[in-house]
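Q: Okay, here's the structure, questions in a sec.
The numbers here are math on the coordinates, done by the rules we state, and not lab data. Bear in mind the structure is a predicted one, so any value in this text is a computation, not a measurement. We place every Cβ from the backbone using ideal geometry, glycine too, and count neighbours over all the protein chains shown.
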Amino acid sequence: MTSSFTIDLARLERRAVQTRVRSLQMVHRAKLGHPGGDLSAADILTALYGAILRVDPSNPDAPDRDRFIMSKGHCSAALYATLAGAGFLTDAELDTFMAPLSNLNGHPDHNKVSGVEANTGPLGHGLPIAVGCALAAKITGAPWRTFVLVGDGELQEGSNWEAGMCATQYELDNLVLIIDRNRLQQGDLTENTICMEPLAERWRSFGWDVREIDGHNMGALVDSFQEAPFTAGKPSCILARTTKGKGVSFMENRQEWHHHVPTTDELQRAIAELERGAH
């Protein structure tokens, strides 16, 4: 794996801005989507596909590829924009997002989109799938690693905690869980729905090695991904503290932007803010 000292973090940060801009354009065009979560996850996705994952768009099913599971599949616009930036999709394909008969559904489909490892969207499924992937690699001695991105509201699904216990039981240190901790879900603050704190300690109590980071700090993301597993024999959890609607002042920390569609004026204002922030 490439050393963090040779990775161009500024390039990755610019790429993350492009992912945010493109995902907002896609949601606006489709008049459907989840822009708040797209923006909170953009840096995480960019770091993974820009510096970490051993994947090849010319051979997307290579047996020894790393696996990435986008458990919070409702934020598919950010995933598709990231896949396009990594060479798995064309920019023209992004314009078909959620159009009738398009391959780019609201929830990513492994059977339709190159680079998508698993069909996701129903919450609480991604981590169990990732545990299965990591266990398969352990059993067969395969070198690939599995990364999975979950939303914090998604952790209210009990299947995650069952999977978490399984990962500890089988010492899956080839598994990295990333939590997009933006503290907002569809209806309210996560803490007003089901209190999750102390979230890091809860994962530690399940036998995971946990690192808490700023989920918008590209250097911290890259370093954490590179340093996993944090402890041999333990699965790794990266609790990435993020901001819903990151980079757009009138979207940040606003619950209504979970699935609100920007107007033409709002889109133009958002893009202007994002591009100013990139300089």
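Q: Collect residues whose amide H, placed 1.01 Å from N in the peptide plane, falls under 5 Å from the amide H of E212; neighbours closer than 5 in sequence don't count.
A: The list, which skips near neighbours in sequence, is L239.
Q: Let me ask something additional. Tell me the label-point distance for the pair H107, D56, using the 7 Å Cα-to-Cβ offset, in nm and rounded to one decimal.
A: 3.2
Q: Scan the chain and report its longest stretch carrying no trypsin sites (Lys or Arg not before Pro) that are both in a DSSP loop and have at most 16 other Cβ atoms within 10 Å.
A: 113-253
Q: Net charge near L123: determine it from the other residues with C-beta under 9 Å of the C-beta of L123, scoring Lys and Arg +1 and Asp and Glu -1.
A: Around L123, the charge tally is -1.
Q: Among I44, I271, I52, which comes first, second and so on when ranked by fewest other beta-carbon atoms within 10 Å?
A: So the residues, fewest neighbours to most, are I271, I52, I44.
Q: Could you give the distance between the Cα centres of the stretch 73-109 and the stretch 207-279, to the whole Å?
A: 19
Q: Using a Gaussian network model on the chain with a 10 Å cutoff between Cα atoms, which of T190, T264, T82 fluctuates the most?
A: So, out of T190, T264, T82, the one fluctuating most is T264.
Q: Going down the table (K72/K138; K112/K246; K72/K112; K72/K246), which pairs top 20 Å between alpha carbons?
A: Going by Cα-Cα distance, K72/K138; K112/K246 fall outside the 20 Å limit.
Q: How high is the relative contact order of the chain, in percent, with contacts defined as C-alpha pairs under 8 Å that are six or more residues apart?
A: Worked out over the chain, it gives 23 percent.
Q: Here's another thing I want to ask about it. Give me the net charge of W257's neighbourhood, meaning all other residues with Cβ under 14 Å from the Cβ of W257; Lys, Arg count +1, Asp, Glu -1.
A: Net charge around W257: 0.
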